[in-house]
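Asks: Take this structure, written in structure tokens, and hold onto it; I'll ask about it next.
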Amino acid sequence: MPSPSQELSHPIKVVCHRTGLSAHVIRVWERRYGLICCQRTDSNRRLYSDEEIERLRLLKVLTDCGHRISQISRLCLDELYVLNKKAHPKTETEPQSLIFTHENEEECLARCLEAVALLDVPVLSDLLEGARLRYGQRTTLLRIVAPLVYEVGEAWRKGELRVSHEHLATSVIRDFLAIGARSYQKHANAPELMVATPAGQVHEVGALLVTAIARDLGWQVIYLGPSLPSEEIAACAQARKVRAVALSVVYPSDDPKIPEELSNLRCLLPSQIAMLLGGRAAYGYYQALRVPDVQLINGLADLEAALEKLSKPIAVTS
């Protein structure tokens with residue numbers, strides 16, 4: 001069974017984006033120094049694990065500091081971390097939220113929140129990527145990204161963070177989830193899930209997280225984006241013959257048009273297409289609905305259970 005750091009494999013384009021190295025340099029390093037033992041697809045395309053990408057990233061940082069690649073190419077990941085720490089010692093004015101100054105997921109989440117408060121995009125991005133390497137995709141989504149989304153939303157609602165903080169966190173998380181989405185293998189017989197937010201709901205990070213969780217569970221996901229009218233969602237869902245539609249409702253929590261939009265969508269969808277409703281504002285809107293067959297999702301555990309049940313073949317009655 002592969003280790004968490006080796007669960008995902010990425011094409012060269014993702015590697016270049018995450019390391020700052022060009023494809024040419026990576027191939028030269030591989031040829032001259034036997035640097036990376038990447039996997040290959042049936043069509044001979046290179047695929048790199050998260051651990052291999054992290055090693056390349058550190059090598060790029062260290063060579064930029066003056067180290068010769070011929071001298072550091074044989075170092076293991078832990079040795080590269082030590083060398084990088086020596087090359088970048090802390091200063092008295094340096095913020096404490098550095099990438100690897102955490103012992104577990106809870107401390108990583110705390111560092112992420114510090115990075116959001118400092119509006120520090122590079123540190124937040126590196127924390128999330130480091131967490132994916134260290135803890136694996138599923139744990140990072142459930143134990144770090146999901147609580148981060150909730151905590152930032154609550155802090156913004158209470159006035160402890162500005163709108164700019166919330167937008168920055170959303171932007172970084174969106175990029176993080178987009179990079180992870182490229183690594184999922186598509187299966188021809190996978191059930192399809194459509195994800196969106198109803199008209200007037202512009203906060204999309206919850207919907208993006210649902211998309212990532214569903215893909216991690218083997219679903220094929222069609223993400224439509226935020227603030228879409230019920231007629232558009234229904235038309236797309238019927239055209240694709242999806243198994244379920246998942247909607248995220250976060251803010252505002254008192255839009256009088258949302259219950260009507262949700263009721264209209266349920267009426268437009270065929271009965272065999274399940275409708276899931278989740279998000280911070282979901283319970284209130286769910287209580288206001290006057291139609292059956294809408295499933296309330298209270299957290300990611302509920303989502304996983306619902307998707308697991310929906311992924312089973314529909315029983316045909318005679």
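What follows draws every value from the coordinates through simple rules; no lab data is involved. For clarity, every value in this text was computed on a predicted model and none was experimentally measured. With ideal geometry, Cβ positions are generated from the backbone for all residues, glycine too; neighbour counts draw on all protein chains shown.
Asks: Spin-label point model (7 Å from Cα, Cβ direction): what's the Arg40 to Tyr150 distance in nm?
Replies: In this crude spin-label approximation the distance works out to 4.6 nm.
Asks: Treat the chain as a sphere of radius equal to its Kirkwood radius over Cα pairs and apply Stokes-Einstein at 20 °C in a medium of 1.002 mPa s; give the translational diffusion coefficient in µm²/s, rounded to a whole number.
Replies: Rounded to a whole number, D works out at 100 µm²/s.
Asks: I want to verify a result. In a Gaussian network model of the chain, Cα cutoff 10 Å, which of these has the top mean-square fluctuation: Asn189, Asn84, Asn264?
Replies: Its mean-square fluctuation being the largest, the pick is Asn189.
Asks: Modelled label-to-label distance, Glu231 and Asn298, 7 Å Cα→beta-carbon offset: nm?
Replies: Calculated label separation equals 3.6 nm.
Asks: Within a 10 angstrom radius of the beta carbon, how do Val172, Val14, Val249 rank from fewest other beta carbons to most?
Replies: Going from least to most buried by this count: Val14, Val172, Val249.
Asks: Taking the Cα centre of each part, how many Å lie between region 128-172 and region 218-261?
Replies: 23 Å
Asks: Apply the Karplus parameterisation 6.51 cos²θ - 1.76 cosθ + 1.60, with θ equal to phi minus 60°, to every residue of region 59-64 and state each ³J(HN,Hα) to the nearest whole Hz, in sequence, with x for glycine and proline.
Replies: Taking θ as phi minus 60°, the curve returns 4, 5, 4, 6, 5, 5 Hz for region 59-64.
Asks: Compute the length gained on full extension between Gln287 and Lys86: take 0.36 nm times their separation in residues and subtract their Cα-Cα distance, giving the result in nm to one decimal.
Replies: Extra length from Gln287 to Lys86 when fully extended: 66.7 nm.
Asks: Here is a further query. Could you pull out the longest piece of the chain with no exposed loop trypsin sites (Lys or Arg not before Pro) in it, calling a site exposed if DSSP puts it outside H, G, I, E, B and it has at most 16 other Cβ atoms within 10 Å?
Replies: 91-157
Asks: Let me see the P(r) profile for region 192-310: every Cα-Cα distance counted, bins of 5 Å, each bin given as a percent of all pairs.
Replies: 2, 12, 27, 28, 22, 8, 1, 0
Asks: Same structure, new question: Using 7 Å Cα-to-Cβ label points, what is the Lys257/Lys13 separation (nm, one decimal)?
Replies: According to this spin-label approximation, the distance is 3.6 nm.
Asks: Right, something else. Angle, helix 23-33 long axis vs. longest principal axis of the chain, Cα atoms, 0 to 90°, nearest 10?
Replies: Computed tilt is about 40 degrees.
Asks: Please give the length that would be gained between Tyr33 and Arg68 if that part of the chain were fully extended, namely 0.36 nm times their separation in residues minus their C-alpha to C-alpha distance (nm, one decimal).
Replies: Gain on stretching Tyr33 to Arg68: 11.4 nm.
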